[in-house]
Amino acid sequence: MKLIYIANARIPTEKAHGIQIMEVCSAFAKEGLEVELIAPRRFNRIKNDPFRYYGKERNFKIKKLFCLDLIILDKYIGITGLWAESLTFFFSTLFYMIFQKVDVVYTRDKFFLPFSLIKKNIIFEAHTFPKNYYLYSFFLKRARRIVVITQKLKNLLTESKISLDKILVAPDGVDLKEFNIKETKEECRQKLNLPQDKKIILYTGHLYQWKGADVLLEVARKFSIDNYQFSNYLFIFVGGTEKDIVSFKKQAENLNNVLVVGHRPHSEIPYWLKAADVLVLPNSGEEDISKFWTSPMKMFEYMASRRPIVASDLPSIKEVLNERNAILVEPDNPEALAQGIKEALRNTQLSDKITEQAFQGVQEYTWQKRAKNILEFINHSL
C-alpha cells in the first residue's frame, strides 16, 4: 500500500511539528507501507539532511515541490508571503498528485482538505479545532477518516456533526529506543558540560506563552531571591526559535540560576533529559490549544527518560498524566509550580514512584503502536 503524506512545512525545521511528521512517516514505513513525504522546496537555514537531522533511518522518500517562498519577507509584506507560499505549494501538489497512484493521502494541514473533492482516500490528522470551522466542515465530512490527538478534539468534531466512527483518538508518541541511553546522569552532565553539584530543573520545547516557559522562569526568579536556600538549583531551558530565544534571554538577564541553551538537535535531547533531576511541563491554561488540544511530544519523552515530572493540571495533559505518574499543579501559578518542584526534589520516595509509573505507562505511547492503530482504523474504510 502506498501512502503520500502532504506537509506544508519546512523540512527539516527546528519546530516540533517537523519531528512529529518524520516520526509518523517512519513508523508507517516500518509497518510495510511505501511512504512518500511531500513538502515545499523552501529557503532553509538548516542545511542538514532531514534523516540525519532527526536521527531516522532512510525508509521513506521525501519529495520537495516548487513553491513561491515569500515567507522570509513577512516582515515587509505581512501574511501575503504565507498565502503566496501556501497557494503555490497547493497547486504544485495538486498537479503532482494527478499523476500518482496512491492508496492513502495523509495530511495534518487543513489547507489540503479540498483534495477530498478529487481523492476519496484523504486521512486528516487534526491537531487543533479550525477557527473558521464552517469553511472546512464540508471537506471534513468528505474525508475518509480523521485522526485527532486528544479526546476533546473528537468531542468537538462529533458535536459539529462529524460521524463518530470516522474519528480516532491517537495521542502523539515517543521512540523508546532513542531515549534508552546507557549513560548515567553524571555522564550526561559531563557530556553536556553541566555542573555535577546542582539540582537541575529542566524544560524542553518552544518558548511560546501558552507553553508556560515564562511561568517556570518566574519560579527561577523567586528562587534566585533566596540565594542561600536555593543556591544549588539550576533552571535549564532547551529549545525555541531564534527570535524567542533572544527575547527569553533578556527576561532571564541577571539570573545566575538560569541557563537558556536554545535549540538543540533532537538526537541530543535524551541526554539533556537524563541530566536533569526534575522535568517540567508548565503549559498555560489560558488558551484552548494548551488546555484542550495539545498532546505534547515532550510529555512522552519526559516519561521515557525516567525522571520525575511536574506538570500543569489541564484536561489535555490529564489524558495521559495523573497523580500516580506525575506531580500536577495549578497552571499559570508560579507559587504552585515552585511547590511542585520542591516536592519532587524533597520527596524521593514519591519521585521514584511516579517516575516508574510514568515509564510503565509510556510503553503504550510509541510511534509504532500509534501507526499500527491508525492503519487498522484506515483499513476498515478501504
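The values are calculated or read from the model by the stated rules, or taken from the named source; none is laboratory data. Remember, it's a predicted structure, so these values are computed and weren't measured experimentally. Here the Cβ positions follow ideal geometry from the backbone for every residue, glycine too, while neighbour counts run over all protein chains shown. Accessible surface is based on the protein model in full, side chains and every heavy atom, while ligands, DNA and RNA are left aside. Shrake-Rupley method; radii C 1.70, N 1.55, O 1.52, S 1.80 Å.
Assorted remarks:
- Top-ranked residue of the stretch 48-64 - restricted to ones that are open to solvent by less than 80 Å² (accessible area, probe 1.4 Å) and part of a helix (DSSP H, G or I), ranked as farthest from Y5 (Cα to Cα): Y53
- Total residues in the stretch 180-215, condition within 19 Å of the chain's Cα centre (by Cα) and either closer than 18 Å to N254 by Cα or hydrophobic (A, V, I, L, M, F, W, C) (or both): 5
- Residue identified as in contact (Cβ under 8 Å) with a residue 60 or more places away in the chain and within 24 Å of N333 (Cα to Cα) among I236, I201, I245: I201
A quick yes/no check of all residues on (1) acidic (D, E); (2) under 26 Å from Q349 (Cα atoms); (3) surrounded by 23 or more Cβ atoms within 10 Å (Cβ to Cβ):
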| residue | (1), (2), (3) |
| --- | --- |
| A252 | no, no, no |
| R264 | no, no, no |
| P270 | no, yes, no |
| D277 | yes, yes, no |
| Y302 | no, yes, yes |
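- Residue in the stretch 343-362 that is open to solvent by less than 10 Å² (accessible area, probe 1.4 Å), under 19 Å from W210 (Cβ atoms) and among the hydrophobic types (A, V, I, L, M, F, W, C) present: no
- Extreme residue, farthest from G239 (Cα to Cα), among residues of the stretch 33-47 that are without any contact (Cβ under 8 Å) to a residue 40 or more places away in the chain and either assigned to a loop (DSSP other than H, G, I, E, B) or open to solvent by 60 Å² or more (accessible area, probe 1.4 Å) (or both): E34
- Looking only at residues in the stretch 239-264 that are in contact with a strand residue (DSSP E or B) (Cβ under 7 Å, 6 or more places away or on another chain) and among the basic types (K, R), the one that is modelled with the lowest pLDDT is R264.
- Where a residue in the stretch 331-355 is closer than 28 Å to I289 by Cβ and its partner, wherever it lies, is assigned to a helix (DSSP H, G or I) and at pLDDT below 95, with Cβ under 9 Å and at least six apart: P334/R221; P334/K222; E335/K222; A338/K222; A338/F223; I341/F223
- Qualifying residue in the stretch 65-73 (condition: at pLDDT 95 or above and either outside any loop (DSSP other than H, G, I, E, B) or small (G, A, S) (or both)): yes
- Restricting the search to strands (runs of 3 or more DSSP E) fully inside the stretch 106-218 and requiring at least 2 residues that are modelled with pLDDT of 95 or more, open to solvent by less than 10 Å² (accessible area, probe 1.4 Å) and under 24 Å from L33 (Cα atoms) gives 122-126, 145-148.
- Check on K101, open to solvent by 50 Å² or more (accessible area, probe 1.4 Å), in contact with a Phe, Trp or Tyr (Cβ under 6 Å, 6 or more places away or on another chain) and at pLDDT below 95: no
Okay, residues lined up against (1) closer than 30 Å to I269 by Cα; (2) of a type in the set (V, I, T):
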site	(1), (2)
I19	yes, yes
A29	yes, no
L37	yes, no
P50	yes, no
G81	no, no
A84	no, no
I98	no, yes
V102	no, yes
I122	no, yes
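- Residue within the stretch 20-32 that is among the acidic types (D, E), buried (at least 19 other Cβ atoms within 10 Å of the Cβ) and either touching a residue at least 24 places away in the same chain (Cβ under 8 Å) or not in a loop (DSSP other than H, G, I, E, B) (or both) present: yes
- Whether a residue is open to solvent by 30 Å² or more (accessible area, probe 1.4 Å) and under 24 Å from the mean Cα position of the chain (by Cα) was assessed, and K2 does not pass this test.
- Complete set of residues in the stretch 193-227 that are among the polar types (S, T, N, Q) and in contact with a helix residue (DSSP H, G or I) (Cβ under 6 Å, 6 or more places away or on another chain): Q196, T204
- Scanning the stretch 300-328 for residues that are basic (K, R) and under 20 Å from V215 (Cα atoms) yields one hit, K318.
- A single entry from K250, K291 fulfils the requirement of being in contact with a Pro (Cβ under 9 Å, 6 or more places away or on another chain) and either of a type in the set (K, R) or farther than 25 Å from L153 by Cβ (or both): K291.
- Hits in the stretch 342-382 - residues which are within 22 Å of M22 (Cβ to Cβ) and of a type in the set (V, I, T): V362, T366, I374, I378
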